[in-house]
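Accompanying notes for the structure given below.
The values are calculated or read from the model by the stated rules, or taken from the named source; none is laboratory data. Not measured: the values here are computed from a predicted model. In this analysis, Cβ positions are derived from the backbone assuming ideal geometry, glycine residues included, and neighbour counts consider all displayed protein chains. Just the protein is used for accessible areas: all its heavy atoms, side chains included, with ligands, DNA and RNA removed. Shrake-Rupley method; radii C 1.70, N 1.55, O 1.52, S 1.80 Å.
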Amino acid sequence: MKVLVISDTHDNLFAIKKLLKQIENEKITYIFHAGDIIAPFTLKLFNGYKLIGVYGNNDGERNLLRETAKSLGFKLEKDFENIELNGRKIALIHGTEKQLVEALIKSQLYDVVISGHTHVVEQYIIGKTLAINPGELCGYLTNKSSYIILDLDTLQADVRYLD
């Protein structure tokens with residue numbers, strides 16, 4: 001089973017539309033969003049997928065984000081999500097507190113720890129835990145719009161960039 005992992009979309013509708021076009025043949029059902037969505041209208045672009053997300057430090061209008069997500073059948077309720085999918089335990093967090101991300105990884109309670117916030121792509125393994133950060137989909141800081149296709153069967157994280 002493959003899932004799309006993104007973070008820091010920051011209302012870049014052009015990048016989101018391009019991403020969704022780029023992955024349309026990937027057989028993706030789930031999207032994990034590690035925060036900094038920003039505006040509720042951005043969520044509507046993900047309609048048709050199962051989105052599980054967390055808030056980022058720039059997600060100010062949380063009540064409206066929560067209501068919009070709920071109306072679309074998405075799960076977006078808090079700063080941390082504990083996900084169990086396809087026999088895998090996954091921690092999803094924005095990553096504002098680096099020490100918290102590190103503690104989640106070192107705990108070895110999760111197969112995968114997903115974070116965002118830094119706008120920098122990362123992928124490494126500590127013990128049995130795969131730690132990934134998809135970087136920024138918006139491309140504002142690095143001029144690179146990145147995302148990850150995560151295979152939950154093999155725990156392979158394929159870092160990709162928008163064409």
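Data for the structure
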item	result
Complete set of residues in the range 140-157 that are open to solvent by less than 10 Å² (accessible area, probe 1.4 Å) and either under 17 Å from Leu19 (Cβ atoms) or not in a loop (DSSP other than H, G, I, E, B) (or both)	Ser146, Tyr147, Ile148, Ile149, Leu150
Ala103 within 24 Å of Ile16 (Cβ to Cβ) and either among the aliphatic types (A, V, I, L, M) or modelled with pLDDT of 95 or more (or both)	no
Within the range 1-33, considering residues that are over 17 Å from Asp151 (Cβ atoms), part of a loop (DSSP other than H, G, I, E, B) and not hydroxyl-bearing (Ser, Thr, Tyr), the one least open to solvent (accessible area, probe 1.4 Å)	Asp8
Complete set of residues in the range 74-103 that are surrounded by 13 or more Cβ atoms within 10 Å (Cβ to Cβ), more than 16 Å from the chain's Cα centre (by Cα) and not charged (D, E, K, R)	Asn86, Leu100
Residue ID - surrounded by the fewest Cβ atoms within 10 Å (Cβ to Cβ), chosen from residues in the range 105-125 that are under 16 Å from the mean Cα position of the chain (by Cα) and hydrophobic (A, V, I, L, M, F, W, C)	Val120
Candidate set from the range 34-73 (those that are farther than 23 Å from Ile149 by Cβ and hydroxyl-bearing (Ser, Thr, Tyr)); member that is most open to solvent (accessible area, probe 1.4 Å)	Ser71
From Lys2, Lys44, residue being more than 18 Å from Leu92 (Cβ to Cβ) and of a type outside the set (Asp, Glu)	Lys44
